[in-house]
Amino acid sequence: MFVGFLFDVDALLSYTNGDLPSIKMLMVWEMPSWILWALLSLPILRFVRNFPIQAPHIVRNFLLHFFIGICVAMAHAASNLVLSWVFAQIIRVQTPPFSSVFMELFLMRTPWRVMIYFLIVMACHGLIFYQRMLDQQREAGELKVRLARAELETLKIQLQPHFLYNTLNTISELIHDQADTADQMLVSLAELLRRTVKSSKEEEISLAEELELLHLYLSIQRARFEDRLRVEMSIGPETMKTKVPSLILQPLVENALKHGVASRNDVCQIGLSATVENSTLVLNVLNNTNSSSNKCGTGVGLSNTRERLLRLYGSDNCLHYETLPANQFSVTIRIPIRSSDHDQSIS
């Protein structure tokens, strides 16, 4: 465009006896030209979108653009001539003879206008390719989020059948001899499933809501194991509004029950605590276990919990478990604090 401007100025010098053209003269001949190119850029962009110079029609579309470029250049020259004459009349500038201007300044400059057309076409291609790149990046990001959510849902679904099977099996055993207990378990199970479906719409809920779900789960397990199950909770009040993954505690407690009550004939003691350490929520589940059991940390519940935490927080250090003296097994989860007073997006 700058080269075309210099050639136009060179043509104007021939009409001013070699003297530099005035500002008014430049406005008369140059301003209409660039106004027209600005107005033509949008139709050219639309045309490029429909007929891009790319495979599989590179040659055909290039020839089509070359023909359109000549037509646009001629139309631009004619329109420029009219607008320049109008501008000259408005600002009272003497213009060269019409015939000489038309021959020298416009028809002879048509190749430069075709070049300008193709420069605009190149810019349009760059804009189109840039937009496509942004769209691909956005779609890739959305696909990544959808895949992560689908994997998280799969991990949560894997935890449910085992629990439902055990609960329904217990209800079937109690329904004849202990109908009231079986009825209570059914009511608690229905309420737990209702709240589970409701909370499944959100990946994170407050710890207070998570504890409500856990209490429903424990009420079912107490009806199942009766006096063999004892649970002690130590929950700091400052932790109740912090965000945790929904149903994060249930597999940990189920793991404690599996290796506590199910593998022992005496009482299973489960301790649950929640504290805050350096802007981190620390959840701990502690239970006594069978001394002969060495598979406390190899179940689906803990492995799925670790995978969920990894996908949510990007760290493999959120979950830690260990066997302690006196036949105790400890599971600790560390979660960055997310207050329920603020909306958080899960990526």
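Key figures for this structure:
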{"item": "Any hit, region 29-38, residues being at pLDDT 85 or above and touching a helix residue (DSSP H, G or I) at 6+ places or on another chain (Cβ under 9 Å)", "result": "yes"}
{"item": "Count - residues of region 190-208 that are surrounded by fewer than 21 Cβ atoms within 10 Å (Cβ to Cβ) and either closer than 17 Å to residue 170 by Cβ or without any contact (Cβ under 8 Å) to a residue 12 or more places away in the chain (or both)", "result": "7"}
{"item": "In region 162-181, the residues that are under 12 Å from residue 219 (Cα atoms) and modelled with pLDDT of 80 or more", "result": "181"}
{"item": "Pair list, Cβ < 6 Å and 6+ apart or interchain, from region 113-136 residues that are closer than 28 Å to residue 76 by Cα to residues that are buried (at least 19 other Cβ atoms within 10 Å of the Cβ) and among the aliphatic types (A, V, I, L, M)", "result": "113/73; 114/73; 117/72; 120/44; 121/48; 124/48"}
{"item": "Elements of type strands (runs of 3 or more DSSP E) in region 195-306, at least 1 residues being at pLDDT 80 or above, closer than 30 Å to residue 180 by Cα and more than 38 Å from the chain's Cα centre (by Cα)", "result": "229-235, 268-276, 280-288"}
{"item": "Subset tally (residues that are closer than 18 Å to residue 274 by Cα, touching a residue at least 60 places away in the same chain (Cβ under 8 Å) and either touching a Leu at 6+ places or on another chain (Cβ under 6 Å) or part of a helix (DSSP H, G or I) (or both)) for region 311-333", "result": "2"}
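The values are calculated or read from the model by the stated rules, or taken from the named source; none is laboratory data. Only a predicted model underlies this, so the values are computations on that prediction, with no experimental measurement involved. Glycine gets a Cβ as well: all are built from the backbone with ideal geometry, and neighbour counts include every protein chain shown.
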